[in-house]
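Colleague: Quick one: the structure is below, questions incoming.
The values are calculated or read from the model by the stated rules, or taken from the named source; none is laboratory data. All values derive from a computational prediction rather than experimental measurement. All Cβ positions, even for glycine, are placed from backbone atoms using ideal geometry, and neighbour counts span all protein chains on display. Surface areas here come from the heavy atoms of the whole protein model, side chains and all, with no ligands, DNA or RNA. Shrake-Rupley method; radii C 1.70, N 1.55, O 1.52, S 1.80 Å.
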Amino acid sequence: MKDLCFKDIENASFSLYEGNPVIRNPMPSLVIADPSVLTPAESHNGKWNLFCHTFFGIYHYESSDGISFKKVQKIASRAMRPNVNYIDGKYYVFFERTRPVILNALSLIGVKWESEIYVTESEDLVSWTEPRLALGYSREYEKAGRGYALSNPFLIKNGDMWRLYYSCGLTFIRDCGFSEPTYVSFAESRRIRDGYTARNAPVIKPDKNDARLNLCSGCLKIYKLSDCYIGLQNGIYEKDGKSHSAIMLLRSDDGVNFEFVKDFLVPQKCGDNNWMAQYVYACCLTCYEGKLRLYFNARNVSDNIRGRECIGIYEADVKR
């Protein structure tokens, strides 16, 4: 990604893959979400490796073409929203670790939610270490809403520091019946696994006057290009009495102060398929062999019974 410049991303002609969604929710889970992907160039097995979560934990999928995926294994329970990184011959998956299922269920009737960011490691994508705490609750703003929630980790190298972006806080979305992240912030450390110190204030907050995040901030994925940083943020917003989510393209010179550039991927009906009609959520951008490929999850409707979340692809050729 460091070989690309901002114009390469801004001017790319993205289109939805015709065979979307490429991974459907595996029942009895109503969701499969938050894809994080390694290209064949980043994987010792020469395949596309995708990590995502269902109701039951984080799962590893693999593919020869990045389109047709098969499930390999479950790598963590009580786990959501993974971020996979290949660093110096080792794989690191950061994720949101929740409390046991019964306590999470009780959050629907008022028991406060608690979650923090953990990491598990592997040298072969098969054997994974026992998860350990990477970033714990430390700032008052992380406690917004019904308890505290640290989620959506995303790791980048920034000079001689590791910077871990994350979502925090809980904003209850009435028509969904569940909460979404209130803020986006980051923490920094000289070590990959731990030692992170969080900022004193978030970097992104909800804004009632901004039509794209008038409810809450959702999550943010950051990529360092040759001339700037870009952010892909899925803000949560209300429109015509209903909640929605869409991915925005942001630009930043320092990874701290972001400016909106354009709507990147918005909810829409795809022919007779309404799988992404109301929400487009978390994403992962890859670049491999001259093609940009955005993996993302989307939801058809807010209703807890009819709602389904699946994973799709949005892609473009790199043109120079």
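For (1) polar (S, T, N, Q); (2) open to solvent by 40 Å² or more (accessible area, probe 1.4 Å); (3) over 22 Å from residue 83 (Cα atoms); (4) out of contact with any Lys or Arg (no Cβ under 6 Å at 6 or more places or on another chain), each residue gets a yes or a no:
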residue: 1; (1), (2), (3), (4): no, yes, no, yes
residue: 31; (1), (2), (3), (4): no, no, no, yes
residue: 39; (1), (2), (3), (4): yes, no, no, yes
residue: 42; (1), (2), (3), (4): no, yes, no, yes
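Colleague: Inside segment 126-156, can you point out the residues that are of a type in the set (A, V, I, L, M, F, W, C) and in a strand (DSSP E or B)?
Modeller: Once the filter is applied, which keeps residues that are of a type in the set (A, V, I, L, M, F, W, C) and in a strand (DSSP E or B), segment 126-156 yields 133, 134, 135, 149, 150, 154, 155, 156.
Colleague: Taking residue 252, is it open to solvent by less than 50 Å² (accessible area, probe 1.4 Å), farther than 22 Å from residue 171 by Cβ and free of Cβ contacts under 8 Å to residues at least 60 places away in the same chain?
Modeller: For residue 252, the condition - open to solvent by less than 50 Å² (accessible area, probe 1.4 Å), farther than 22 Å from residue 171 by Cβ and free of Cβ contacts under 8 Å to residues at least 60 places away in the same chain - is met.
Colleague: Would you check if residue 172 is open to solvent by 40 Å² or more (accessible area, probe 1.4 Å) and either at positive phi or not in a loop (DSSP other than H, G, I, E, B) (or both)?
Modeller: Criteria met by residue 172.
Colleague: Something else now. Among the residues of segment 184-235, write down those that are among the charged types (D, E, K, R) and in a loop (DSSP other than H, G, I, E, B).
Modeller: Listed by number, the residues that qualify are 190, 191, 193, 194, 199, 205, 207, 208, 210, 212, 227.
Colleague: Let me ask something else. Look through segment 126-160, keep the residues that are modelled with pLDDT of 95 or more and touching a Ser or Thr at 6+ places or on another chain (Cβ under 7 Å), and return whichever of them is surrounded by the fewest Cβ atoms within 10 Å (Cβ to Cβ).
Modeller: 129
Colleague: Could you tell me whether segment 288-298 includes any residue that is among the small types (Gly, Ala, Ser), open to solvent by 30 Å² or more (accessible area, probe 1.4 Å), closer than 30 Å to residue 41 by Cβ and modelled with pLDDT under 95?
Modeller: Yes, segment 288-298 has at least one match.
Colleague: Sort out which residues of segment 182-205 are among the aliphatic types (A, V, I, L, M) and surrounded by 21 or more Cβ atoms within 10 Å (Cβ to Cβ), and write them in order of number.
Modeller: Within segment 182-205, 184, 187, 198, 204 meet the criteria.
Colleague: Can you tell which of 164, 125, 133, 170 is in contact with a His (Cβ under 8 Å, 6 or more places away or on another chain) and in contact (Cβ under 8 Å) with a residue 12 or more places away in the chain?
Modeller: 125
Colleague: Quick one: what pairs do we get from segment 188-205, first residue in contact (Cβ under 8 Å) with a residue 12 or more places away in the chain, second in a strand (DSSP E or B) and basic (Lys, Arg), C-beta under 6 Å, 6+ apart or different chains?
Modeller: Listed by first residue and then by second, the contacts come to 188/163.
Colleague: While we're looking at this one, here's another question. Run residue 258 past the list (1) open to solvent by 30 Å² or more (accessible area, probe 1.4 Å); (2) at pLDDT 95 or above; (3) of a type outside the set (Val, Ile, Thr); (4) within 30 Å of residue 19 (Cα to Cα) and report the number of the one that doesn't hold.
Modeller: Only one criterion in (1) open to solvent by 30 Å² or more (accessible area, probe 1.4 Å); (2) at pLDDT 95 or above; (3) of a type outside the set (Val, Ile, Thr); (4) within 30 Å of residue 19 (Cα to Cα) is unmet by residue 258, namely (4).
Colleague: Let me ask you something else. Quickly run through segment 206-249 and pick out the residues that are free of Cβ contacts under 8 Å to residues at least 40 places away in the same chain, open to solvent by 10 Å² or more (accessible area, probe 1.4 Å) and under 14 Å from residue 10 (Cα atoms).
Modeller: Within segment 206-249, just 229 meets the criteria.
Colleague: Would you tally the residues in segment 96-125 being at pLDDT 95 or above, farther than 18 Å from residue 56 by Cβ and part of a strand (DSSP E or B)?
Modeller: Number of matching residues: 5.
Colleague: Of the residues in segment 27-81, how many are over 24 Å from residue 176 (Cβ atoms) and β-branched (Val, Ile, Thr)?
Modeller: Within segment 27-81, residues that are over 24 Å from residue 176 (Cβ atoms) and β-branched (Val, Ile, Thr) number 5.
Colleague: List the number of the failed condition for residue 179; all other conditions in (1) open to solvent by 20 Å² or more (accessible area, probe 1.4 Å); (2) under 28 Å from residue 13 (Cβ atoms); (3) assigned to a strand (DSSP E or B) hold.
Modeller: Among (1) open to solvent by 20 Å² or more (accessible area, probe 1.4 Å); (2) under 28 Å from residue 13 (Cβ atoms); (3) assigned to a strand (DSSP E or B), the lone unmet condition for residue 179 is (2).
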